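See structure below.
The values are calculated or read from the model by the stated rules, or taken from the named source; none is laboratory data. The model shown is predicted, which means the values in this text are computed figures rather than measured ones. Please note: Cβ atoms are built from the backbone with ideal geometry, for glycine as well, and neighbour counts cover all protein chains shown. Just so you know, the surface numbers come from the protein's heavy atoms only, side chains and all, with ligands and any DNA or RNA stripped out. Shrake-Rupley method; radii C 1.70, N 1.55, O 1.52, S 1.80 Å.
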Amino acid sequence: MLLSKLLKIAGNISPLYALNLFMDLIGKNPKRALMFLQIADSEMLEKLSRKKAVEQAKRASKRVKEYKRFLKTKGFDKKEIKNFEDFQILPLTSKENYIKTCKNFEDVFVDSDLSVIRTIYESSGYTGKPFLWAHNSKIEEEEIKFSRIGLENNFLVSSKNTLFINGFALGSWVSGMKFAFIMNKIGPTINPGADYDGILKILDTLGRKFSQIIIGGYPPFIKNLLEKGTAKGMNFEEYNINFLLAGEGFSESFRDYLYTLIKSSPEGKKSKIYSVYGTADTGVIGVNENEDTIKIRRLAEKNSELKKRLFNKIISAETPMLFQYNPLSFFIEENKEEIIITTVSPNEIQPVIRYNIHDSGGVIPYKKMQEILKNEGIDTKIKLKLPFLHINGRTGGVISINSAKVYPETISRALYKNKSLAGLITGRFRLKKEYTKNQEVVFKIDIELKEKINPTDKLKKNFENIIKRELSEANMEYKNMINHYSKNALPNINLIKYNNFDGLNINKEIKYKYT
């Protein structure tokens, strides 16, 4: 009844207004929202996303002082933004050329109005210096609405008594505070932060009193949490435990390893492990893994032709993370193998226009994904009519060894293929290169061991062998390079005792540089 009424309304007003009205009406009912996303016209959604991006650019060019200044420095201040063609030639923004150059914090906000700010966050991690980002109450309401939809799709939270445990770092970092705020509006939430013992005590006390548990955290932290719990004799099979990971990508072998720790499997119905993608710069809601994205990614790992068709613009042997995203929140483009994001909600107070987050990746429209799968003879019905986003990692995290690109994700995959070795490390590692007197490159990898594990020559050699094997099997650039002219570029492992990782300038449970 509701759907037919809305479709009738939509026939008399603009598609953009009708869709916004529809989402507002059903936003508090995730089941209806999911029903809509299963029957929606995917091309219409993507078209609306483009239109919203144009409108956001118009708004910013008139009402955001710093963006007006930015356009003037690029010679675009006299050009009116009328259509998508005009939008496409707007200069790219980035943290380096837009945020860092802003002298006054308020100038990146609509009308330079700080009175509408609800929460301020810091961006963390890869660039070393944190920057400030802010949201208002309307954006936070949107985040809750779309979070309900994602959680319903992945975990059926409306029909299960769910406890949310926040294992992200707390403070001004976006992941932990967003998790705390949003989940508290959806269900019972407890916020110990990145505290191993605290979370394990909560599980022991409350874990059996809820029909399911969802723990949020950074991938290495969750790995160490489960290993510590296992070492203490905890049986994770006693709980319906699930995970929502964020902050960095990981391999399918890493996901499989987590499943072994909780005595489950990807095919099992009890426990689920999903990742979300987001940043303080552009927002953290609306880009999610789901059952379909994981299935397609795992198929691509076994099918080189499918992998090539999906990710051929990414020069990497590693299979990228794959998500579906909400085009009503983000318009995402590709540019030279990097993704470019525009936040399109009219409620944004700190909009970013054609913003280069410096993540390597690409976009696959819904219908294009269907065509690719069909051409490969794969009969997979994709549940949600949403576009796909693949992410291959932060471009700044790649290290080039004699022109052969090595990605942190590939090293992570190797480390977790051998379960006995994976149990000896914290998950923190760092890639670097040095040079001999003859200026030949030497490829080195620092790997941090867990507490009470001491470095040995045998352990060092074992890690070197598994990483060499993985790189040689998966990365033809690297294999050709070491076979033909550079034996020094074989991985040289330096095992670091627990808590002796130097050069980390932020909390290691937040993020750290891989190179």
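Evaluating 6.51 cos²θ - 1.76 cosθ + 1.60 at θ = phi - 60° for every residue in the range 325-337, the Karplus couplings come out as 10, 8, x, 7, 10, 9, 9, 10, 10, 10, 8, 6, 6 Hz, glycine and proline recorded as x. With all protein chains kept in place, the per residue accessible area of the range 66-217 amounts to 45 square angstrom at a probe of 1.4 angstrom. For Val442, nonlocal amide neighbours, meaning residues 5 or more places apart or on other chains whose placed amide H falls under 5 Å from its own, are Glu434, Tyr435, Thr436. In order along the range 260-277, phi translates into HN-Hα couplings of 5, 5, 9, 6, 9, 7, x, 7, x, 9, 7, 10, 10, 10, 10, 10, 10, 10 Hz, rounded to whole numbers, per the Karplus curve 6.51 cos²θ - 1.76 cosθ + 1.60 with θ = phi - 60° and x for Gly and Pro. Largest first, the three principal axis extents of the alpha carbons in the range 256-308 are 35, 33, 17 Å in whole numbers.
For the set Lys47/Lys367; Lys223/Lys452; Lys223/Lys385; Lys178/Lys432, the pairs lying more than 22 angstrom apart at their alpha carbons are Lys223/Lys385; Lys178/Lys432. Taking amide hydrogens as placed 1.01 Å from N in the peptide plane, the amide H of Ile399 sits under 5 Å from those of Val406, each at least 5 positions away in sequence or on another chain.
Please go through the residue pairs Lys405/Lys433; Lys145/Lys185; Lys263/Lys461 and name each one whose alpha carbons sit more than 18 Å apart in this structure.
Over 18 Å Cα-Cα: Lys263/Lys461.
Counted over all Cα-Cα pairs of the range 183-272, pairs farther apart than 15 Å make up 58 percent. Descending by average beta-carbon neighbour count within 10 Å, the peptides 262-269, 207-214 line up as 207-214, 262-269, the highest first.
Just so you know, the averaged projected area of the alpha carbon convex hull for the range 120-256 sits at 8.9 nm².
Note the full-extension length gain between Glu337 and Glu80 as 0.36 nm times their separation in residues minus their Cα-Cα distance, in nm to one decimal. Could you put the intermediate results ahead of the total?
Details: separation 257, 0.36 × 257 = 92.52 nm, distance 2.83 nm.
Gain in length upon complete extension: 89.7 nm.
Where the alpha-carbon atoms of the range 230-271 are placed on the principal axes, they occupy 28, 24, 17 Å, in descending order.
Where does each of 288-299, 151-162 land if you order them by average Cβ count within 10 Å, highest first? If you can, show how the numbers build up before the last one.
Values: 288-299: 19.4, 151-162: 17.2.
Ranking, from highest mean packing down: 288-299, 151-162.
Once neighbouring chains are kept in place and the probe is 1.4 Å, which whole percent of the accessible area of the range 49-202 is contributed by carbon and sulfur? Intermediate results must be reported in sequence, preceding the final value.
On the way: 3450 of 7030 Å².
Carbon-and-sulfur percentage of accessible area, whole number: 49.
Based on C-alpha pairs under 8 angstrom that are at least 6 apart in sequence, the range 48-191 has a relative contact order of 17 percent. Per residue, the convex hull spanned by the Cα atoms of the range 253-363 amounts to 121 cubic angstrom. Close amide H partners of Ala280, meaning residues 5 or more places away or on another chain with modelled amide H under 5 Å apart, are Ser124. For the listed peptides 330-341, 448-459, a ranking on the average number of other beta carbons within 10 Å per residue, highest first, reads 330-341, 448-459.
Neighbours of Phe76 by Cβ distance under 12 Å: Lys/Arg scored +1, Asp/Glu scored -1, total +4. Straight-line cross-link reach from Lys68 at under 22 Å between alpha-carbon atoms covers these lysines, not counting any fewer than eight positions away in the same chain: Lys51, Lys52, Lys58, Lys78, Lys79, Lys82, Lys95, Lys100, Lys103.
Using a simple spin-label model with pseudo-atoms 7 Å out from Cα toward Cβ, Arg208 and Asp379 lie 4.5 nm apart. Our coupling estimate for the range 340-355, obtained by passing each phi through the Karplus curve with A = 6.51, B = -1.76, C = 1.60 and θ = phi - 60°, is 10, 10, 10, 7, 10, 5, x, 8, 4, 9, 10, x, 10, 10, 6, 9 Hz, Gly and Pro reported as x.
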